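The values are calculated or read from the model by the stated rules, or taken from the named source; none is laboratory data. The shown structure was predicted, so the numbers you read here are calculated from the model rather than taken from an experiment. Positions of Cβ are backbone-derived with ideal geometry, glycine not excepted, and every protein chain shown enters the neighbour counts.
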Amino acid sequence: MIEVQDLTKQYAGRTAVDHVSFKVEPGEIVGFLGPNGAGKSTTMRILSGYMPPTSGTARVNGFDVFQQSIELRKSVGYMPEMAPLYTEMRVKEYLNFRAELKGLSGKKLRFRVGEVMELCALTDMRRRLIGNLSKGYRQRVALADALVHQPPLLILDEPTNGLDPVQIRQVRELLRSLRPAHTILLSTHILQEVEAVCDRVIMIHRGRIRAVDTPENLTRKLRAASVVQLEMQGEGEITNLIESLPGVRKATLDTVQEGWLYLSVRVEARHDVREALMELALKQQWKIREMHWQLPSLEDVFVDLAASDPSK
Ligand SMILES: Nc1ncnc2c1ncn2[C@@H]1O[C@H](COP(=O)(O)OP(=O)(O)O)[C@@H](O)[C@H]1O
Ligand SMILES: [Mg+2]
């Protein structure tokens, strides 16, 4: 459905997308996960036929994104990051207008606009001016727009960005309800988002793919990267002794300040080593004044993955 090979995009000499290759199979919901500035929107714009790549190729629904962008755009439901909605138009009027642009007319157009308004819970809002809608409703209008011509593939750029928790749940349910008739590529910078809806995750950081995995494996990696921060005083082979505890991967002395040692203890998946650390400290007569278990941010995981990137 999507086949990307060595895709690269440079803006004024800066590389935003750097030799990216991946595939999305029909019926899959794939999450494009990465921190802000990772290159998600750039890739999605290229895949939707709105911007040419600097080099590399991408085929979407069998169309080359560069050579056949007109045909491509008709076969994709693209929801851009900032949906260019017409604030002076009413919801139904806008969707009619968009559906017409996408080649629908007559009975078919009326039926589909009614259907997507129903699907996106917009029917009660159909006469409202878009400019007066809340962010959540505007997102739904953008989603209805992406769906109206029944494209087999949806490319949704941060579809839940800026929504409140209830709205987020509604959009996630809507996305799940679209399978298996639709293939979906959605982007997000939130890990829970991919856990909630995606079959597979493509992690991108600084324009490069860092991992392609299931949400389950990704979560496991996240836990694996957890760290216990320790402030202590003591004698002996401190880091070696800590590393001998089961579940500890590595102990690092970060700094020493006013006689206090600051250590980072990297911990294996699903291990809580805090009690064992306390017992060890007692036995060794170390003094601990602070211990803090820190689950890493997604950013930390990306940095971690980047460090272990064999292509670097
Ligand atoms: N139109 C543009 N002109 C110049 N640089 C851009 C443009 N759009 C994005 N960038 C840069 O490209 C990089 C990737 O951006 P983007 O694709 O928007 O990432 P994401 O969607 O993951 O946040 C960022 O460093 C961003 O500043
Ligand atoms: Mg973006």
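Just for region 123-150: of the residues that are aliphatic (A, V, I, L, M) and part of a helix (DSSP H, G or I), which one is farthest from residue 175 (Cα to Cα)?
This residue is 130.
Mind checking whether some residue in region 247-258 is at pLDDT below 90, over 30 Å from residue 171 (Cα atoms) and in a loop (DSSP other than H, G, I, E, B)?
Yes, region 247-258 contains a residue that is at pLDDT below 90, over 30 Å from residue 171 (Cα atoms) and in a loop (DSSP other than H, G, I, E, B).
Does residue 22 qualify as being more than 16 Å from ligand 2 (Cβ to nearest atom), among the aromatic types (Phe, Trp, Tyr) and more than 29 Å from residue 177 (Cβ to Cβ)?
When the stated conditions are applied, residue 22 does not pass them.
Examine region 266-276 for a residue that is touching a residue at least 24 places away in the same chain (Cβ under 8 Å), surrounded by fewer than 12 Cβ atoms within 10 Å (Cβ to Cβ), closer than 30 Å to residue 194 by Cα and not β-branched (Val, Ile, Thr), and state whether such a residue exists.
There is at least one residue in region 266-276 that is touching a residue at least 24 places away in the same chain (Cβ under 8 Å), surrounded by fewer than 12 Cβ atoms within 10 Å (Cβ to Cβ), closer than 30 Å to residue 194 by Cα and not β-branched (Val, Ile, Thr).
Look at region 1-57 and say how many of its residues are away from ligand 1 (no atom under 15 Å from the Cβ), of a type in the set (Val, Ile, Thr) and more than 19 Å from the chain's Cα centre (by Cα).
1
Within region 90-116, track down each residue that is touching an Asp or Glu at 6+ places or on another chain (Cβ under 9 Å) and within 23 Å of residue 161 (Cβ to Cβ).
94, 95, 98, 116
I'd like the residue in region 30-46 that is closer than 25 Å to residue 177 by Cα and in contact with a helix residue (DSSP H, G or I) (Cβ under 6 Å, 6 or more places away or on another chain) and, out of all such residues, is farthest from ligand 2 (Cβ to nearest atom).
Across region 30-46, the extreme among qualifying residues is 31.
Within region 51-71, identify whether any single residue is surrounded by 14 or more Cβ atoms within 10 Å (Cβ to Cβ) and within 16 Å of ligand 2 (Cβ to nearest atom), and answer yes or no.
Yes, region 51-71 contains at least one residue that is surrounded by 14 or more Cβ atoms within 10 Å (Cβ to Cβ) and within 16 Å of ligand 2 (Cβ to nearest atom).
Pairs only if they're at least six apart or on different chains, beta carbon under 6 angstrom, first in region 151-168 and among the hydrophobic types (A, V, I, L, M, F, W, C), second assigned to a strand (DSSP E or B) and within 16 Å of ligand 2 (Cβ to nearest atom); list them, first residue then second.
155/78; 155/185; 156/79; 156/186
Looking only at region 65-88, count how many residues are charged (D, E, K, R) and within 16 Å of ligand 1 (Cβ to nearest atom). Steps first, answer last, please.
First pass over region 65-88, keeping only residues charged (D, E, K, R): 71, 73-74, 81, 88.
Cutting the leftovers down to within 16 Å of ligand 1 (Cβ to nearest atom) gives us 81.
Matching residues across region 65-88 total 1.
Collect the residues in region 215-242 that are modelled with pLDDT of 90 or more, out of contact with any helix residue (DSSP H, G or I) (no Cβ under 8 Å at 6 or more places or on another chain) and not in a helix (DSSP H, G or I), keeping them in residue-number order.
Listed by number, the residues that qualify are 229, 231, 233, 237.
Exactly one of (1) under 20 Å from residue 101 (Cα atoms); (2) of a type in the set (Lys, Arg); (3) free of Cβ contacts under 8 Å to residues at least 60 places away in the same chain is unmet by residue 59. Its number?
Of everything listed in (1) under 20 Å from residue 101 (Cα atoms); (2) of a type in the set (Lys, Arg); (3) free of Cβ contacts under 8 Å to residues at least 60 places away in the same chain, residue 59 misses just condition (1).
Does any residue in region 80-91 that is on the phi > 0 side of the Ramachandran plot come within less than 7 Å, Cβ to Cβ, of a residue that is of a type outside the set (A, V, I, L, M) and modelled with pLDDT under 85 six or more places away or on a different chain, and which pairs are these?
Listed pairs, sorted by first residue: none to list.
Out of (1) more than 16 Å from ligand 1 (Cβ to nearest atom); (2) crowded, with 18+ Cβ neighbours inside 10 Å; (3) under 25 Å from residue 200 (Cα atoms); (4) of a type outside the set (D, E, K, R), the odd one out for residue 109 is which?
Residue 109 satisfies all of (1) more than 16 Å from ligand 1 (Cβ to nearest atom); (2) crowded, with 18+ Cβ neighbours inside 10 Å; (3) under 25 Å from residue 200 (Cα atoms); (4) of a type outside the set (D, E, K, R) except (3).
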